[in-house]
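In what follows, a structure is listed as structure tokens, so that the remarks can point back to it.
The values are calculated or read from the model by the stated rules, or taken from the named source; none is laboratory data. Being a predicted model, the structure only gives us computed values, none of them experimental. Because the Cβ atoms are built from the backbone with ideal geometry, glycine has one as well, and the counts that use them run over all protein chains shown.
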Amino acid sequence: MQRTADAKWQGDLKTGTGEISMASGILSHVPYSFHSRFEQGKGTNPEELLAAAHAGCFTMALSNQLAQAGFKAESLETTCTITLDKKDDGFGITESHLELKAKVPGISREAFDKATAGAKTGCPVSKLYNTNITLNATLL
């Protein structure tokens with residue numbers, strides 16, 4: 001299975017602009033720039049897209065972990081925050097933090113913790129990242 005996205009760019013790093021599109025059409029010609037990445041400019045940036053991918057992947061993986069343990073979530077809400085820091089050799093993603101709020105009827109804390117840990121390490125996006133992945137999971 002493959003997924004495709006395109007990025008176009010014109011100009012230099014600081015004054016140039018680009019756009020990102022996905023083959024699915026969900027994102028089409030979405031602007032991105034130095035300003036949207038490092039300042040407060042309008043548009044998206046790679047780290048925001050990575051955060052969306054990690055939140056979505058983790059949440060789907062957790063749904064699967066719960067189902068395998070015999071539970072069905074009433075709701076799972078995940079926020080992902082990607083941290084981009086300056087390093088000696090340029091910039092790098094230093095952390096992906098997942099913040100989960102979950103309603104899972106009848107689950108014990110032990111079973112919940114096991115499912116969230118499995119989803120955190122098992123989701124394909126987590127496996128892609130070479131960074132610290134943290135999780136704060138709240139069972140409502």
Could you say whether any residue in region 50-59 is under 30 Å from Lys14 (Cβ atoms), touching a strand residue (DSSP E or B) at 6+ places or on another chain (Cβ under 9 Å), outside the structural domain of Asp12 (by TED's automatic domain parsing) and aromatic (Phe, Trp, Tyr)?
no
Which residue, of Ser96, Ser108, Ser75, is closer than 15 Å to Ala53 by Cβ and among the polar types (S, T, N, Q)?
Ser96
Leading residue by the ranking (nearest to Ala53 (Cα to Cα)) among those in region 111-128 that are among the β-branched types (Val, Ile, Thr) and surrounded by 14 or more Cβ atoms within 10 Å (Cβ to Cβ)
Val125
When residues of region 80-101 are limited to those that are touching a helix residue (DSSP H, G or I) at 6+ places or on another chain (Cβ under 9 Å) and among the polar types (S, T, N, Q), the one surrounded by the most Cβ atoms within 10 Å (Cβ to Cβ)
Ser96
I'd like to know if region 39-53 contains one or more residues that are of a type in the set (Val, Ile, Thr), in contact with a His (Cβ under 7 Å, 6 or more places away or on another chain) and surrounded by 14 or more Cβ atoms within 10 Å (Cβ to Cβ).
no
Checked Ile26, Ile20 against criteria (of a type in the set (Val, Ile, Thr) and not in a strand (DSSP E or B)); the one match is Ile26
Of the residues Lys127, Lys72, Lys101, Lys87, which single one is within 22 Å of Arg3 (Cα to Cα) and of a type in the set (Lys, Arg)?
Lys127
